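First the structure, in the form of structure tokens, and then the observations on it.
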Amino acid sequence: MIITTSKPFEEVLKALEGEDKVFIVGCGLCATTCETGGEEQVAEMKAKLEAEGKTVTGTVVYEEVCHELNTKRKFRENKEAVEAADGFLVMCCGAGTQSVREATEKPVHPACNTVFLGNIQRHGHFVEKCSLCGECVLEDFGAICPVTRCHKGILNGPCGGTDEGKCETSKEKDCGWTLIYNQLEKMGKLDRFRRIYGPKNWQANMKPGRVIFEKKGEGGE
Amino acid sequence: MTVLIKEHAKPSIQEILESGKFLVTGEIGPPKGTDIDEMIEHIELLKDKVHAMNITDNQSSVMRYPSLGTAILIKELGGEPNLQVTCRDRNRLAIEADLLFAYTRGIRSVLCLTGDSIPAGDHKEAKAVFDLESVQLLQLICNMEEGRDSGGNELKGGVKFFKGAIVTPEAVPIEPQMLKFEKKIEAGAQWFQTQAVYDMDNFKRFMEKARKISDKVYICCGLVLLTSPGQIKYMNANVPGVFVPENLAREMEDAPKEERLNYGIRIMARQIRQLIDEKLCDGVHIMAIGKESVVPQILEEAGVDITKM
């Protein structure tokens with residue numbers, strides 16, 4: 001789940017300066033769960049923009065705005081409203097917003113900040129447990145990620161800032177290394193804690209990332 | 001190979017510890033800016049009173065005059081530096097380059113730290129680096145000593161440092177901390193300075209555990225000067241791994257306001273004496289945090305004169 005938060009309405013309004021006719025895009029997946037770009041939030045945004053004197057030429061909420069072909073198809077389906085718009089307001093993650101970028105030549109504006117790949121603990125509670133490092137180390141650490149859950153991404157044990165299981169950056173956040181220690185101890189695998197892990201390969205997720213399926217019959221046997 | 005500062009006026013930290021002497025180190029916190037006059041005063045004041053001086057590296061994530069520049073300044077002024085290197089602000093390329101430079105300027109001792117978190121400091125929007133951490137930094141130096149950088153490339157001239165690290169005796173829970181202590185030794189740490197210790201009974205328990213893990217590494221007890229009841233309250237509430245016990249807190253509270261610093265000096269002098277008399281560890285690291293000028297007084301009260309040790 002990609003966690004997003006809504007930008008302040010004033011910021012959105014400022015971005016739309018000079019564009020009177022707006023088309024709004026929401027996402028039926030992550031942004032719906034985050035309540036930043038679902039049907040309800042898109043309708044609210046429409047009303048707020050109209051109250052500010054804007055014309056909303058159309059709205060669309062569909063699954064996977066990040067799917068570029070899907071987005072192009074949705075734009076074709078809404079051809080009239082899309083063509084009437086001066087610009088597009090995208091109420092989902094940065095990936096979705098850039099998907100819209102591929103589907104139009106007109107101005108595209110993000111309505112959200114994209115914050116992390118998150119787990120849903122319960123309604124409205126999202127936490128980051130994976131930071132997409134490109135070289136998964138969960139096997140070694142009892143399936144608790146030190147790269148993400150330790151603020152400093154330390155691979156070799158807690159820093160001196162750990163305090164009764166909490167991180168030095170916030171008493172609200174668990175010290176990832178205390179969690180890992182407890183987990184490995186429970187599993188009888190403290191030998192993994194004793195192992196020295198060398199520097200991480202930070203180029204395993206070199207930006208911009210790119211993964212292409214190998215076509216069957218090519219490159220293989 | 002040319003090492004720019006060839007003559008070492010002072011014995012190194014390694015030489016002091018290996019000769020069995022009780023190591024006394026102080027700390028220099030570089031200023032925020034180019035006015036280094038007061039820092040030079042502190043260096044001049046301490047250079048013959050302590051065996052060596054730590055130089056903090058953007059301490060608490062607050063941007064300051066650099067630790068490496070200060071270490072060289074200390075050498076130039078005839079003192080012995082213990083260069084603190086953190087992994088927060090520099091990636092492995094930058095750290096390796098700094099270490100090459102440090103070596104050619106006669107720096108012989110490096111303290112390897114991960115570094116405080118960025119939000120603790122005064123550049124709250126900066127990008128934290130943490131390309132490496134303390135254990136990996138120790139290993140990296142070992143590799144450089146063998147003539148290779150961390151990319152596996154051959155160096156034209158390597159380095160040689162006395163590799164230090166830190167440990168937090170009052171961390172809760174202590175077990176993961178002790179395992180990390182063990183890993184630091186395995187990664188090449190030859191000596192340790194501890195985070196601030198106030199509770200000597202707890203320190204004794206820590207030393208028993210530490211000696212069981214290794215009787216080869218040197219351990220120096222870190223002491224922070226107490227200056228006021230407010231400071232104690234702040235540290236107990238906000239500084240992880242630091243705990244000022246009730247009796248010391250009361251002692252400071254009972255002190256008349258104008259006498260508080262003197263009480264703090266006396267408490268630390270007493271603790272230094274205890275470390276030496278009871279042979280609890282191999283040295284002391286005095287952190288006076290802005291009050292460097294009273295360090296000679298602390299040592300005098302403790303009856304410690306490094307020229308006679």
Note to self: I'd like the residue in the stretch B:151-168 that is surrounded by fewer than 21 Cβ atoms within 10 Å (Cβ to Cβ) and of a type in the set (Gly, Ala, Ser) and, out of all such residues, is farthest from B:Arg90 (Cα to Cα).
What the structure shows: B:Gly157
Check: Out of (1) in contact with a Ser or Thr (Cβ under 8 Å, 6 or more places away or on another chain); (2) in a loop (DSSP other than H, G, I, E, B); (3) not hydrophobic (A, V, I, L, M, F, W, C), what's the single condition that is false for A:Thr4?
Finding: (2)
Item checked: Meets criteria (in contact (Cβ under 8 Å) with a residue 60 or more places away in the chain and within 14 Å of chain A (Cβ to nearest Cβ)) for B:Ala120 -> yes
Check: Of all residues in the stretch B:123-137, how many are in contact with an Asp or Glu (Cβ under 9 Å, 6 or more places away or on another chain) and within 12 Å of chain A (Cβ to nearest Cβ)?
Finding: 3
Check: Any residue in the stretch A:122-143 that is within 14 Å of chain B (Cβ to nearest Cβ), over 26 Å from A:Phe9 (Cβ atoms), surrounded by 20 or more Cβ atoms within 10 Å (Cβ to Cβ) and of a type outside the set (Asp, Glu)?
Finding: yes
Notebook entry, point to check: Cβ-Cβ below 6 Å, separation at least six or inter-chain, first residue in the stretch B:235-251 and farther than 23 Å from A:Lys166 by Cβ, second part of a loop (DSSP other than H, G, I, E, B): which pairs?
Noted result: B:Leu248/B:Tyr198
Item checked: Matching helices (runs of 4 or more DSSP H) fully within the stretch A:8-127 where at least 1 residues are more than 14 Å from the chain's Cα centre (by Cα) and more than 30 Å from A:Glu172 (Cβ to Cβ) -> A:9-15, A:39-51, A:68-77, A:79-84, A:94-103
Notebook entry, point to check: Across the stretch B:147-187, what is the number of residues that are more than 7 Å from every other protein chain (Cβ to nearest Cβ) and in a strand (DSSP E or B)?
Noted result: 7
Item checked: Hey, A:Gly198 within 12 Å of another protein chain (Cβ to nearest Cβ), under 20 Å from B:Asp131 (Cα atoms) and either modelled with pLDDT under 95 or surrounded by fewer than 16 Cβ atoms within 10 Å (Cβ to Cβ) (or both) or not -> yes
Note to self: Restricting to the stretch B:27-69, name every residue that is buried (at least 20 other Cβ atoms within 10 Å of the Cβ) and on the phi > 0 side of the Ramachandran plot.
What the structure shows: B:Asn58, B:Ser61
Check: Which of the residues belonging to the stretch B:58-101 are within 14 Å of another protein chain (Cβ to nearest Cβ) and in a helix (DSSP H, G or I)?
Finding: B:Gln59, B:Ser60, B:Ser61, B:Arg92, B:Leu93, B:Ala94, B:Ile95, B:Glu96
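The values are calculated or read from the model by the stated rules, or taken from the named source; none is laboratory data. In this text, all values refer to a predicted model and were calculated from it rather than measured experimentally. No Cβ is skipped: glycine too gets one built from the backbone with ideal geometry, and neighbour counts run over all protein chains shown.
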